[in-house]
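As structure tokens, the structure follows; a few thoughts come after it.
The values are calculated or read from the model by the stated rules, or taken from the named source; none is laboratory data. Source: prediction; values computed, not measured. Reconstructed Cβ throughout: ideal geometry from the backbone, glycine too, with neighbour counts over all protein chains shown.
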Amino acid sequence: MFGLLQHFFHPTQCYALCAVARSGAHLLSGALQATHLAGRPLQYFHHRLAQKYAARYGLDATRNFVPYLRGLLASASTTNGVFGFRIESWDLQPLVSRLRATGEFGHDETGERELLHAAFPRLRCIQLTREDKLRQAISTVRAMQTNLWVPGKEQNVIGEAKFDPALIDQCLACAAQAEELWSGFFARNKLDPLAITYEELCADYPGTVTQVFDFLRIRPPRRFDLRPPRTIRQADALTEEWVQRYGALRDVGT
């Protein structure tokens, strides 16, 4: 059996927010963090953001992956033993490859599911998608052009959003490919994720958090009060203008 010792460092429940860009992952992540009962699901395994979180917890994300992983599991879990992480489909295979390369969680022939469950005990997956693909793509374009990925942090803005139908086309295709990668991962590993849409999250914020708690078997204390979301929606008059312009150019319904 591989990696027996690492269980001393592991929480009792792990989960992954399996997301596609602009599908509500930041909103749901913030909601779950605010409860102080569902870990701190951030992008710990993103190729650029890992260094940021490593510095936060006094870890090294580059030289030795096992201490980094163990340090995260020890430091970023909530007191009830829950650890969560947010991941997009592009970062999945690099994570699997790093787990396999350590030799701690399996060997060259160990499958994805076995590797991930050895590293993240009782791992459950939550799949985030967005029904309105056009507005999702427009949101991605605006974030790319301005660097404003989290509304409200205007100090990060680097440019002005400009209508670019070709770039919207690219973002539509990219999101479709990302969803296909997740679907393939769930299918070949026989995983049954909790499926949540951005629209459901926006329509019933407290209810969606409760749904996640039920899925993860987290029992909040009596009189538990969920705080309002810290993230605001980006969609505005400019988004709607772009929806109409794109629809007119591409002759699609809006």
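If you scan the stretch 161-180, which residues turn out to be aliphatic (A, V, I, L, M) and surrounded by fewer than 16 Cβ atoms within 10 Å (Cβ to Cβ)?
Within the stretch 161-180, ALA166, ALA173, ALA176 meet the criteria.
For the stretch 227-242, how many residues meet the condition of being of a type in the set (Asp, Glu) and either at pLDDT 90 or above or surrounded by 15 or more Cβ atoms within 10 Å (Cβ to Cβ) (or both)? Explain how you work it out, then say what you get.
Initial filter on the stretch 227-242 (of a type in the set (Asp, Glu)): 236, 240-241.
Filter again for either at pLDDT 90 or above or surrounded by 15 or more Cβ atoms within 10 Å (Cβ to Cβ) (or both), leaving 240-241.
Qualifying residue count, the stretch 227-242: 2.
Within the stretch 181-196, how many residues turn out to be out of contact with any strand residue (DSSP E or B) (no Cβ under 8 Å at 6 or more places or on another chain), of a type outside the set (A, V, I, L, M, F, W, C) and either surrounded by 12 or more Cβ atoms within 10 Å (Cβ to Cβ) or modelled with pLDDT under 95 (or both)?
Number satisfying all stated conditions: 2.
Does ILE87 satisfy being in contact with a strand residue (DSSP E or B) (Cβ under 9 Å, 6 or more places away or on another chain), among the hydrophobic types (A, V, I, L, M, F, W, C) and under 30 Å from TYR246 (Cβ atoms)?
Spelling it out, ILE87 is indeed in contact with a strand residue (DSSP E or B) (Cβ under 9 Å, 6 or more places away or on another chain), among the hydrophobic types (A, V, I, L, M, F, W, C) and under 30 Å from TYR246 (Cβ atoms).
Quick one: LYS52 ticks every box in (1) within 25 Å of PRO193 (Cβ to Cβ); (2) assigned to a helix (DSSP H, G or I); (3) among the basic types (Lys, Arg); (4) without any contact (Cβ under 8 Å) to a residue 60 or more places away in the chain bar one, so which box is it?
(1)
So is LEU181 in contact with a Ser or Thr (Cβ under 6 Å, 6 or more places away or on another chain), outside any helix (DSSP H, G or I) and under 30 Å from VAL66 (Cβ atoms) or not? Spell out the reasoning first.
Working: in contact with a Ser or Thr (Cβ under 6 Å, 6 or more places away or on another chain): yes; outside any helix (DSSP H, G or I): no; under 30 Å from VAL66 (Cβ atoms): yes.
Considered against the rule, which asks whether it is in contact with a Ser or Thr (Cβ under 6 Å, 6 or more places away or on another chain), outside any helix (DSSP H, G or I) and under 30 Å from VAL66 (Cβ atoms), LEU181 comes out as no.
Kindly evaluate ILE158 against the criterion of being at pLDDT below 95, touching a Ser or Thr at 6+ places or on another chain (Cβ under 9 Å) and either more than 15 Å from SER139 (Cβ to Cβ) or surrounded by 11 or more Cβ atoms within 10 Å (Cβ to Cβ) (or both).
Details: at pLDDT below 95: yes; touching a Ser or Thr at 6+ places or on another chain (Cβ under 9 Å): yes; either more than 15 Å from SER139 (Cβ to Cβ) or surrounded by 11 or more Cβ atoms within 10 Å (Cβ to Cβ) (or both): yes.
Taking the combined requirement at face value, the residue satisfies it.
Need pairs with beta-carbon distance below 6 Å; first residue among the hydroxyl-bearing types (Ser, Thr, Tyr) and within the stretch 69-88, second not in a helix (DSSP H, G or I); sequence gap 6+ or separate chains.
SER75/TYR57; SER77/PRO11; SER77/GLY39; SER77/PHE83; THR78/HIS36; THR78/LEU37; THR78/GLY39
Among what's in the stretch 105-122 and is surrounded by 18 or more Cβ atoms within 10 Å (Cβ to Cβ) and farther than 20 Å from ALA187 by Cα, pick the residue that is nearest to the chain's Cα centre (by Cα). Before you say what the answer is, go through the steps one by one.
Initially, the stretch 105-122 is screened for residues surrounded by 18 or more Cβ atoms within 10 Å (Cβ to Cβ), giving 105-106, 112, 115-116, 118-120.
Filter once more, so that each one left must be farther than 20 Å from ALA187 by Cα: 105-106, 119.
Working: PHE105: 23, GLY106: 25, ALA119: 18 Å.
So, considering only residues that are surrounded by 18 or more Cβ atoms within 10 Å (Cβ to Cβ) and farther than 20 Å from ALA187 by Cα, the one nearest to the chain's Cα centre (by Cα) is ALA119.
Output yes when any residue across the stretch 82-104 is of a type in the set (A, V, I, L, M, F, W, C), closer than 22 Å to GLN127 by Cα, buried (at least 17 other Cβ atoms within 10 Å of the Cβ) and in contact with a Cys (Cβ under 7 Å, 6 or more places away or on another chain), and no when none is.
For the stretch 82-104, residues of a type in the set (A, V, I, L, M, F, W, C), closer than 22 Å to GLN127 by Cα, buried (at least 17 other Cβ atoms within 10 Å of the Cβ) and in contact with a Cys (Cβ under 7 Å, 6 or more places away or on another chain): present.
Collect the residues in the stretch 115-138 that are over 30 Å from THR12 (Cβ atoms), of a type outside the set (Asp, Glu) and either at pLDDT below 95 or not in a helix (DSSP H, G or I) (or both), keeping them in residue-number order. Spell out the reasoning first.
First pass over the stretch 115-138, keeping only residues over 30 Å from THR12 (Cβ atoms): 130-138.
Remaining after also requiring of a type outside the set (Asp, Glu): 130, 133-138.
If the condition is that a residue be over 30 Å from THR12 (Cβ atoms), of a type outside the set (Asp, Glu) and either at pLDDT below 95 or not in a helix (DSSP H, G or I) (or both), then ARG130 is the only one that fits.
Among what's in the stretch 208-226 and is under 15 Å from THR78 (Cβ atoms) and charged (D, E, K, R), pick the residue that is modelled with the lowest pLDDT.
Only one residue fits best here, namely ARG219.
Restricting the search to the stretch 214-224, which residues are assigned to a helix (DSSP H, G or I) and either free of Cβ contacts under 8 Å to residues at least 24 places away in the same chain or in contact with a helix residue (DSSP H, G or I) (Cβ under 8 Å, 6 or more places away or on another chain) (or both)?
Once the filter is applied, which keeps residues that are assigned to a helix (DSSP H, G or I) and either free of Cβ contacts under 8 Å to residues at least 24 places away in the same chain or in contact with a helix residue (DSSP H, G or I) (Cβ under 8 Å, 6 or more places away or on another chain) (or both), the stretch 214-224 yields only ASP214.
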